[in-house]
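The values are calculated or read from the model by the stated rules, or taken from the named source; none is laboratory data. A quick note: this is a predicted structure, and the numbers were derived from the prediction, not measured. We place every Cβ from the backbone using ideal geometry, glycine too, and count neighbours over all the protein chains shown. The protein model used for the area step is the full one, side chains on, heavy atoms only, and it has no ligands, DNA or RNA in it. Shrake-Rupley method; radii C 1.70, N 1.55, O 1.52, S 1.80 Å.
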2 protein chains.
Amino acid sequence: MNPTYDANAASCPLPLRDYPTIVLAHGGGGRLMAELIEHLFLAEFADETLSAKTDAAVLPLPTHAKGRLALTTDCHVVRPLFFPGGSLAELAVHGTINDLAMSGAQPLYLTVGFILEEGLPIAVLAELVRRLAQAARQAGMRVVAGDTKVVERGHGDGCFITTSGVGVVAAGIDLGPQLIRPGDVVLVNGPIGEHGMAVLSVREGLEFESPIVSDCRALHLEVDRLLRAVPNTRFLRDPTRGGVAAVLHEVAQAARWEIALDEAAIPVRAEVRAACEILGLDPLYVANEGKLIAIVPPEAESSALTALGPQARRIGVVRAGSVGRVVARTPFGTERLIPLPLGEQLPRIC
Amino acid sequence: MNPTYDANAASCPLPLRDYPTIVLAHGGGGRLMAELIEHLFLAEFADETLSAKTDAAVLPLPTHAKGRLALTTDCHVVRPLFFPGGSLAELAVHGTINDLAMSGAQPLYLTVGFILEEGLPIAVLAELVRRLAQAARQAGMRVVAGDTKVVERGHGDGCFITTSGVGVVAAGIDLGPQLIRPGDVVLVNGPIGEHGMAVLSVREGLEFESPIVSDCRALHLEVDRLLRAVPNTRFLRDPTRGGVAAVLHEVAQAARWEIALDEAAIPVRAEVRAACEILGLDPLYVANEGKLIAIVPPEAESSALTALGPQARRIGVVRAGSVGRVVARTPFGTERLIPLPLGEQLPRIC
């Protein structure tokens, strides 16, 4: 506990526990905000630099960082805040780690911004902060800077979290759609559509025989294994909003080639497929939070699949064809066009 | 314009201009989001790395960066979005630059996260993005990563912006409350309370003879001048939420000394003082967005004031006294305690 706190508490008639919900003054730069920071954020995140409470965190770059800086940001607005397999907090941390990992970066530092709605129970915020801190710690990321704002009841939605991440890309690692060539193979590290269907099922009160659990998790170690096994990996991307279809569209356009999927090869768990069928959704468009699409040269296919683990599959190939087009070979041997959707089928999935 | 866009547009019946307001699908990872990114964000921010649309921006560190990394984040929820002297956009950019500058860092890279409410006019978003891009460009900062989420009508408030900033602190620059010693002088670079009163006056429909304009601006060049003139500057902080009073409390506690202000020396413009008197507010607690508090050794006072410009004033001194206490000598020669407020007098000021 920060030794400066006691002096303040002595003259403070209103400790954190007497406020069961967030009030506007918790974002006001005064004593209530100081209490929130001290008792909740600094206690959980337990980072020396964060606890110094400077305007900006001043940090060393690791000595092996001959490489480049990786920088990413994501706003998280998922509803509900807690869902099978995770919460807004894990989503925020893992999402940022995964964005860094997809550029080949080792994750280092995390910043966290909270936009809280007046009336949010402090116990809910405390649970989110605890999970955020745990997820960051598990990945070896330090939470080094943060901010909290409070908006009036009816002008927010409980809690929004924006995370930014800094990582380092080691010298020699180079990934990008411009490296993709016809003949390259498209891999996925496991069954798709779980995050979106997990959130949807709890939101809509749907019950399935076996509950669908979000795949929300950090992928940096998996990426590390892949890049060691296949240093000439062309491209990595995690298929979140818009699902696998949106990622493949983006990469097909950026690479200026066509992508041909083998529909029968795309792994989808039975319960996800069943839920999608009931609701008329296509798993290709449903969000994932612990999956990655890797594009590797054909000769690296088997080493890449080994590195990505037993659930990984080859789901397609890159070919000349039409620039930016994505097609799928159906189980009947015909090809269907996979269009880019107008928007996610489900809002506020991440 | 990105050459990959045309292919998409050819098969797209719904260009951006046909949607006068933000809809949920603009945050959905599909075609509408791609259009928003292409036409609005990439066009305005015009950054090669951003335009590559990778999950994380991969960036060089400047070769003179023998020093350390500075990292900061801030959520911005000001209401209304536009006010005399600025908007949410300038606030977001200048706020982040100033947080970096207060740690002695040179600002380099900016990330921007938008949380948009369904129904926000696209013209409003476009104006905010234009101002964001301009403010960043003026300060030589590159916008290198971003994210957009859309929440349902009634679950947000038009637009929230979270910015994170990365800078580099040159070797040899060291600032912090632990360096402060009794006898050090407390300086401010100009009149206080303008941002808070500008926002309040437009929000409450108050009219004063001369309108109060926010002091919102970037301070990195001013800090650079100060650190060159006074390399042994002890401490810098911009008095935003909670005003000068909150900053002095924080530094007095962190430094473990007392701060004594000279009330008559604190610069406040006549119109701000008048507005504060009418509304029963104390300018010491009102937010600023273009002011800094500098604490320097006594022998550096005049060089520091010169570096900070003609509006800068010495407003107090550090002394032994009670740890963490802030007092002000009134014009009558007595001393009054300056307490830490419970919260900002005005919510959603930044």
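Whole-Hz Karplus values for the range B:214-225 come out as 4, 8, 3, 6, 7, 10, 5, 6, 4, 5, 4, 4 Hz, taken residue by residue from phi with 6.51 cos²θ - 1.76 cosθ + 1.60 and θ = phi - 60°; glycine and proline positions read x.
Could you run the Debye sum over the Cα atoms of the protein assembly as shown, one equal point scatterer each and no solvent, and tell me log10 of I(q)/I(0) at q = 0.07, 0.08, 0.11 Å⁻¹, two decimals? The computed values of log10 I(q)/I(0) come out as -0.47, -0.61, -1.09. Surface calculation, 1.4 Å probe, protein heavy atoms: A:His220 sits at approximately 30 Å² accessible. Sorted from shortest to longest, the distances between the B:Glu301 label points of this copy and the other copies are 7.9 nm, with each point 7 Å from Cα along the line through the beta carbon. Relative to the longest principal axis of the Cα atoms of chain B, the long axis of helix B:243-255 makes an angle of roughly 70 degrees. Loop-located trypsin sites (Lys or Arg not before Pro) in the range B:199-282 (DSSP state other than H, G, I, E, B) with a sparse environment of at most 16 neighbouring Cβ atoms within 10 Å: B:Arg256. For B:Gly140, the label point sits 7 Å beyond Cα toward Cβ; its separations from the matching points on the remaining copies run 3.5 nm, from shortest to longest. The listed residues B:Thr21, A:Thr163, B:Thr49 rank as B:Thr21, B:Thr49, A:Thr163 when sorted by accessible area, largest first, using a 1.4 Å probe. Calculate, for B:Asn232 and B:Ala274, the FRET efficiency according to 1/(1 + (r/R0)^6) with r their C-beta to C-beta distance and R0 35 Å; round to the nearest 0.05. E between B:Asn232 and B:Ala274, to the nearest 0.05, is 0.35. Working from Cα pairs under 8 Å separated by at least six residues, relative contact order for chain B is 21 percent. Annotation: B:Met141 carries an accessible surface of approximately 10 Å², with a 1.4 Å probe and no ligand, DNA or RNA atoms counted. If you wrap the range A:177-337 in the convex hull of its Cα atoms and look at it from every side, the mean projected area works out to 9.2 nm².
Electrostatic bookkeeping for A:Val188 treats Lys and Arg as +1 and Asp and Glu as -1; over the other residues with beta carbon under 10 Å from its beta carbon, the sum is +3. In plain terms, the chain from B:Glu204 to B:Ala265 could stretch by 19.0 nm, reckoned as 0.36 nm per residue minus the Cα-Cα distance.
Ascending distances from the A:Ala274 label point to its copies in the other chains, with the point 7 Å along the Cα-to-beta-carbon line: 7.4 nm.
A cut-off of 5 Å between modelled amide H atoms, ignoring neighbours fewer than 5 places along the same chain, links A:Leu108 with A:Val166, A:Gly167, A:Val168. With solvent modelled as a 1.4 Å probe, how much accessible area in total do chains B and A shield from it at their shared surface, in Å² to the nearest 100? In total, chains B and A hide about 6400 Å² from solvent.
Only helical runs count toward this figure. For the protein assembly as shown, summing -39,500 (n - 2.57) over DSSP H runs of n ≥ 4 and dividing by all residues gives -8000 deg cm²/dmol at 222 nm.
For the range B:90-123 versus the range A:40-119, the inter-centroid distance based on Cα atoms is 17 Å. Which value, in Å² and to the nearest 10, is the accessible area of A:Val166 when all protein chains are kept and the probe is 1.4 Å? Answer for A:Val166: close to 0 Å² accessible. Close amide H contacts of B:Trp257 (hydrogens built in the peptide plane, cut-off under 5 Å, sequence separation of 5 or more or a different chain): B:Gly324. The alpha carbon radius of gyration of chain B, expressed as a multiple of 2.2 N^0.38 Å, is 1.08. Length gained on full extension, B:Arg130 to B:Leu221, computed as 0.36 nm times the residue gap minus the Cα-Cα distance: 30.5 nm.
Here the accessible area of the range A:59-175 is 52 percent carbon and sulfur, with a 1.4 angstrom probe and all protein chains present. For the peptide A:31-39, the mean number of other protein chain Cβ atoms found within 10 angstrom of a residue's Cβ is 3.
GNM on chain B, alpha-carbon springs under 10 angstrom: the most fluctuating residue among B:Asp184, B:Asp74, B:Asp55 is B:Asp55. By how many degrees, 0 to 90 and rounded to 10, does the Cα axis of helix A:194-203 deviate from the longest principal axis of chain A? The two axes meet at around 50 degrees. Viscosity 1.567 mPa s, temperature 4 °C: what is the translational diffusion coefficient of the range B:7-170 from Stokes-Einstein with a Kirkwood Rh over Cα pairs, rounded to a whole number of µm²/s? Answer, rounded: 79 µm²/s.
Sequentially through the range B:32-42, phi angles give Karplus couplings (6.51, -1.76, 1.60; θ = phi - 60°) of 5, 5, 4, 5, 4, 5, 5, 6, 9, 6, 5 Hz, Gly and Pro residues having no value and appearing as x. For trypsin sites (Lys or Arg not before Pro), the sites in the range A:58-136 that DSSP calls loop and that have at most 15 other Cβ atoms within 10 Å are A:Lys66.
Of the GluC sites (Glu not before Pro) found in the range A:140-219, those in coil by DSSP whose Cβ has at most 15 other Cβ atoms within 10 Å are A:Glu152, A:Glu204, A:Glu207, A:Glu209.
Near A:Ile192, the amide H atoms lying under 5 Å from its own belong to A:Val268, A:Arg269; only residues 5 or more places off or on other chains count, and H is placed 1.01 Å from N. With each label modelled as a point 7 angstrom along the Cα→C-beta vector, the B:Arg137-A:Ala52 pair spans 3.5 nm. Per residue, the protein assembly as shown exposes 36 Å² of accessible surface when a 1.4 Å probe is rolled over the protein heavy atoms with every protein chain present.
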